[in-house]
Amino acid sequence: QHSYQPSSHTTTESGDIMKHLSTSVAVMAMLSMKAAAHICMIHPPQRGAALPEELGPGEHICYRRTNYCGGTPPGEPTFTLYGGGHKNRILFQQNLNHFVPSKPGSLDVSIATVADPTDDAQWTVLATYDDFAAHDMVQQTNFPVDVVVPESIHETKHGVMRIRYISHNEGEIDPANNTDSIFYNCADIKIVKEYNGPKLAVAEQTYQGQLASTTSEDTTCMAPKKFEAIGFEKRPSGVVEHHIFYDGDAKKVRWDRSGELYNRGVNVSIRTLALYGEGIPGQPPAAHPQFLYNTHTTDCQLYGADPMYEWGYGAAFNQKLLTLPEPEGMLAFQSHDGLHTFTVQTHTSRQSDGSASTTCLPYREEHPDRGLHFIKVTEVDTFPTTVFAVPSTCKMALSAGQMTAP
């Protein structure tokens, strides 16, 4: 067994635009039914109905699966972009995470200068971002990012901005011809050129992490087969405590989150519990139960979890190893777009045959919208059966096969 105390506590915070938004799971009504949702536009506002103030995972009004805007018709422009090479801050949310290690996906931002595009050639891609290994499908991540409208595009009275999440997750194909498992969302915009602020050329748009050199692109470090982790996350709404129980052998993961998930001074306590070795009545064999349980209200929702992948870092998870000045025994991995950084502590694990192997324990995560810092991580031999016990209201949802999201 092993535990440690981090020596520093660095945090990341987002702008004022995010203060009313959640970046993690929400409080939900017991056994309620909703369609799946995986990409939401916040700023600019997406087409159609307004997003709820507390945006939870599986939000049905974000579930749009057909080119180019999920069949949602144009409305009036609700957002102004500055054209001609100027920088614009936008905000969207990956509403569920469908990372696939064998074929990592991506998210991209595009614009068209017409309200209802009918051809691929009408779209200009402004930015592309890596999907990342969240190790929890029912997790939300905000992307507050800057995009630059090219010099060649100066103005349009009614255009559209599109966000795509190209997941490559075979379990998320919908409809049948959407074989790359793409999720779409769009916002009506106009583009103007009357702006005297600084320009940011597309070629210059970068994040600090991209400037760091790498050692071996082939480096991968796996976490122990079983570990328990406690950490604290700083987000715009306040501080959230995380408690993770990971059992790779039994294919079970429990992730507790408690604290100011939405608003300062308002505590919420939720748990995700994924049972990757079990099935869901009436669903295909590849569907595994993942519960979202409110420990205060006992409300529970059932999701169909994606197939489990082992907990680890590096090349096998679409990450590069950085040559940053981390203390001895520490490693830092980063997504290739520089948006997600994972610092780990190397550890010696004992295998069942008595041999030793080097593993990596989570130490710190930095994402566009939050920073998660672990204060204690322990490799364990076995977990008590109570750790992964299914609450009674979740058993009811499973028995009924009441799915919230596929």
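The values are calculated or read from the model by the stated rules, or taken from the named source; none is laboratory data. Since the model is a prediction, treat every value here as computed from it, not as a measurement. Methodologically, a virtual Cβ is constructed for each residue, glycine included, from the backbone with ideal geometry; neighbour enumeration extends over all protein chains shown. Each accessible area value is taken on the protein alone, full model and side chains, heavy atoms only, with ligands, DNA and RNA left out. Shrake-Rupley method; radii C 1.70, N 1.55, O 1.52, S 1.80 Å.
Stokes-Einstein diffusion of the range 218-282 at 37 °C, 0.692 mPa s viscosity, Kirkwood radius from Cα pairs, rounded to a whole number: 239 µm²/s. For the range 210-349, place one equal point scatterer on every Cα, skip the solvent, and apply the Debye formula. What is log10 of I(q)/I(0) at q = 0.15 Å⁻¹? So the normalised log intensities are -0.96. Lys-Lys pairs in the range 220-322 that are eight or more residues apart or on separate chains and whose Cα atoms lie under 23 Å of each other come to 5. In vacuo Debye scattering of the range 307-406, one point per C-alpha: log10 I(q)/I(0) at q = 0.10, 0.15, 0.18 Å⁻¹? Relative scattering, expressed as log10 I(q)/I(0), comes to -0.45, -0.86, -1.02. Quick one: pull the percent of accessible area on the range 257-406 belonging to carbon and sulfur, 1.4 Å probe, ligands and nucleic acids left out. Accessible surface attributable to carbon and sulfur in the range 257-406 totals 52 percent. How much net charge surrounds residue 291 when only other residues with a Cβ under 14 Å from its Cβ are counted (Lys, Arg +1; Asp, Glu -1)? Taking every other residue near residue 291 into account, the sum is +1.
Quick one, what does Rg over Rh come out to for the range 302-359 if you take C-alpha atoms and the Kirkwood Rh? Write out the running numbers ahead of the final one.
Working: Rg = 14.6 Å, Rh = 13.6 Å.
Rg/Rh for the range 302-359 comes to 1.07.
Treating the Cα atoms of the range 38-161 as identical point scatterers in vacuum, please give the log10 of the normalised Debye intensity I(q)/I(0) at q = 0.15, 0.16 Å⁻¹, two decimals. After summing over all Cα pairs, the log10 values are -0.75, -0.85.
With the radius of gyration and the Kirkwood radius both derived from the Cα set of the range 260-328, what is their ratio Rg to Rh? Can you show the working numbers first?
Details: Rg = 17.8 Å, Rh = 15.5 Å.
Radius of gyration relative to Kirkwood radius: 1.15.
Taking the charge dipole of the range 248-310 about its Cα centre, with +1 at Lys and Arg Cβ atoms and -1 at Asp and Glu Cβ atoms, the residue from 275, 259, 304 reaching farthest to the positive side is 259. Listed by chain and number, the aspartates and glutamates placed with their C-alpha closer than 15 angstrom to that of residue 190 are 76, 116, 155; residues fewer than eight positions away on the same chain are left out.
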